[in-house]
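Have a look at the structure below, then the notes.
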Amino acid sequence: MRGPIAPPQVPLSISRAESFVDLVQDSAERLERRWPQLSGVDFTVLEVPTSGLGGGPGAGTGPDAHGGPDGWDGESVPLGRFIAARGEAPDRIVIYRRPVEIRAKNRDERAMLVHEVVVEQVAELLGLAPESVDPRYGQE
C-alpha cells in the first residue's frame, strides 16, 4: 500500500517549517486587526540570519543600527529583523526560524516566542513600545 500516512488537512502532514510559517502568519494577522497599516508589510521566514559577509538574504540592503548588512553583528543571534521599505520593496519583517526553534522547548513556547518576536519587530516598524503594539506582550 502506497500513499501518504495522513491526509493533507491533518497536522501530521505539515512540516515543521510550514508550521512555523503558519505561526508567523497567525501573529501577523492578529496584529493587522489592531494595526491596519500592517496590511502592506511583508512578513517573511528565513532559516537563519547570514553573517553579512556573503550575498545572502538581506545583503545589499545597507548597514543599519543593528550591525552588518542583514542586522547581525556576528555575536548574538537575532530572532527577527525589520527592514524598512526601499523603492518598490515594501516594509519587511523577517523571523529567523532556527534560532527561535532552538530557544523554545515545546510547541506552545514556540508559538509564544514567535508572537513576541513579531510584536517586537512591528514595534520597531511603528516606533512604539512592544506593550503598545500588543498589551499582552511579555505575559504568559
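The values are calculated or read from the model by the stated rules, or taken from the named source; none is laboratory data. Because the structure is a prediction, the values reported are computed rather than measured. Methodologically, a virtual Cβ is constructed for each residue, glycine included, from the backbone with ideal geometry; neighbour enumeration extends over all protein chains shown. Heavy atoms of the whole protein, side chains included, go into the accessibility calculation; ligands, DNA and RNA do not. Shrake-Rupley method; radii C 1.70, N 1.55, O 1.52, S 1.80 Å.
One table, with the values for the structure above:
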item: Length released on extending from Asp42 to Gln139, taking residue separation times 0.36 nm less the Cα-Cα span; result: 32.3 nm
item: FRET efficiency estimate (nearest 0.05) - Cβ-Cβ, Glu32 to Glu101, R0 22 angstrom; result: 0.35
item: In Å², nearest 10: area of Ser39 left accessible to a 1.4 Å probe; result: 90
item: ³J(HN,Hα), Karplus 6.51/-1.76/1.60, whole Hz, each residue of region 105-116, x for Gly, Pro; result: 8, 8, 4, 5, 5, 5, 4, 5, 5, 4, 4, 4
